[in-house]
Amino acid sequence: MYAKIKFKYDGYHFAGGAEAVFNPFSLLNALGDRLLRNYWFASGTPTFLIKQMQHFHTDITSLDSLDVPESAFDQPTENMKDALPLLYQSGYLTIKDYDPDTEAYELSIPNQEVRVGYVNGLLPTYTGLNNADVQIGFAAKFWKALKTGDIDLAMRHMQSYLAGIPYVEGFKQKLAEAKTKEGFYEYTFYLIFSMLNVYARTQVKVAGGRVDMVILMPDAIYVMELKVGDTARHALDQINARGYATPYLTDGRRVVKVGIRFDADKHTVDEWEVESV
């Protein structure tokens, strides 16, 4: 139980090298109710924050790990040139590490409670999808399939769910506004996985280039390349040719490479190729 409470409410640091601090409001409510709820967001969604993130065109997929100088986030919000100071000062980001040699701070989302509230607010704003419908209709099934190592079943759930999305007006509008379809689907994947507290990173830098998506599960790491209008085989070949999976081979977990092709007309997963290491 302590591990669960720590996972949900701990993780705030207010200086480089400082001890981690629990969210006191959430912790006291959890102990009083003997329930692990998302107390911080019970009073409403962070509407103003999300509007500022849109205004500054914040890359939401980068917020799991940001390396920045102190001046980038510790400044008055009236002088901010991006949403970073607001995210830090409102508790959506916290200090995770500090490098005294470069004087750079690593910022990240503090804990599960913050991630859940953050994602629930962002999913409809960035994708036009209702977070409750996603969670009930698809995400849990996808997560269970990944947990058992059945990537084919997981992708069939993905295919079935996305096939019905084009009829959602909000989704169609957001897709039409997106700079690239591949980028839009990366955002959608990232937010859905984050909703389940699956650690997903997009555009991960490796020696051979940038991996579209890396999903870290307790017993496996999924390295994914997404293509729109190309083949899944080509996506998998790119993973192999550029060594996208190489940094994870000594991790100890099973490494699974997945090439995914989206059908641009049907707006769903069309095919996938899987290769386990």
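The values are calculated or read from the model by the stated rules, or taken from the named source; none is laboratory data. From a predicted model like this one, the values you see are computed outputs, not experimental measurements. So basically every Cβ, Gly included, is an ideal-geometry build from the backbone, and we count neighbours across all protein chains shown. For the accessible areas, the whole protein counts, side chains as well, though only heavy atoms, and no ligand, DNA or RNA atoms are used. Shrake-Rupley method; radii C 1.70, N 1.55, O 1.52, S 1.80 Å.
With 18 Å as the cut-off, how large is the P(r) tail for the stretch 154-277, expressed as percent of Cα-Cα pairs? Could the numbers behind the result be given before it?
Values: 3935 of 7626 pairs.
Beyond 18 Å sits 52 percent of the P(r) for the stretch 154-277.
Measure out, as a whole number of angstrom, how far apart the alpha-carbon centroids of the stretch 171-218 and the stretch 11-63 sit.
Going from one Cα centre to the other spans 22 Å.
If the elastic network links every pair of Cα atoms under 10 Å, which of Met155, Met217, Met80 fluctuates the most in the Gaussian network model of the chain?
Result: Met80 has the largest fluctuation of those listed.
I want to verify a result. In a Gaussian network model of the chain, Cα cutoff 10 Å, which of these has the top mean-square fluctuation: Gly229, Gly121, Gly170?
Between Gly229, Gly121, Gly170, it is Gly229 that shows the largest mean-square fluctuation.
Quick one: net charge of Ala220's neighbours, Cβ under 12 Å, K/R +1, D/E -1?
Values: positive: Lys147, Arg253, Arg254, Lys257; negative: Asp150, Asp219, Asp251.
Cβ neighbours under 12 Å give a net charge of +1.
Quick one: what are the phi-derived ³J(HN,Hα) couplings along the stretch 237-249, Karplus 6.51/-1.76/1.60 with θ = phi - 60°, whole Hz, x for glycine and proline?
Whole-Hz 3J(HN,Hα) from phi for the stretch 237-249: 4, 5, 4, 6, 5, 9, x, 4, 8, 3, x, 9, 5.
About the Cα centre, and with charges only on the beta carbon of Lys, Arg (+1) and Asp, Glu (-1), how big is the dipole of the chain? Nearest 20 debye, please. Display every interim value, and only then the final one.
Values: 28 positive and 35 negative charges, 175 e Å.
Rounded to the nearest 20 debye, it is 840 debye.
Let's test this: bin the Cα-Cα distances of the chain at 10 Å from zero up to the farthest pair and state each bin's percent.
6, 26, 35, 25, 8, 0
Hey, in the GNM for the chain with a 10 angstrom Cα cutoff, which one of Val21, Val114, Val258 fluctuates hardest?
Judging by the Gaussian network model, the answer is Val21.
What number comes out for the charge environment of Ala264, summing +1 per Lys or Arg and -1 per Asp or Glu over other residues with Cβ under 14 Å away? The partial results should precede the final answer.
Working: positive: Lys172, Lys181, Lys227, Arg261, Lys266; negative: Glu182, Asp230, Asp263, Asp265, Asp270, Glu271.
So the environment of Ala264 carries a net charge of -1.
May I ask for the Kirkwood hydrodynamic radius of the stretch 191-253, worked out over all distinct Cα pairs and given in angstroms to one decimal?
Working: mean 1/r = 0.0810 Å⁻¹.
Over the stretch 191-253, the inverse of the mean reciprocal pair distance is 12.3 Å.
So what is Rg over Rh here for the stretch 16-121, counting just Cα atoms and using Kirkwood for Rh? Mind showing how you got there, number by number?
Values: Rg = 14.6 Å, Rh = 14.9 Å.
Looking at the stretch 16-121, the ratio lands at 0.98.
Could you order Val269, Val116 so the one with the most accessible surface comes first? Probe is 1.4 Å. If you can, show how the numbers build up before the last one.
Numbers: Val269 0, Val116 25 Å².
Ranking Val269, Val116 by accessible area, largest first, yields Val116, Val269.
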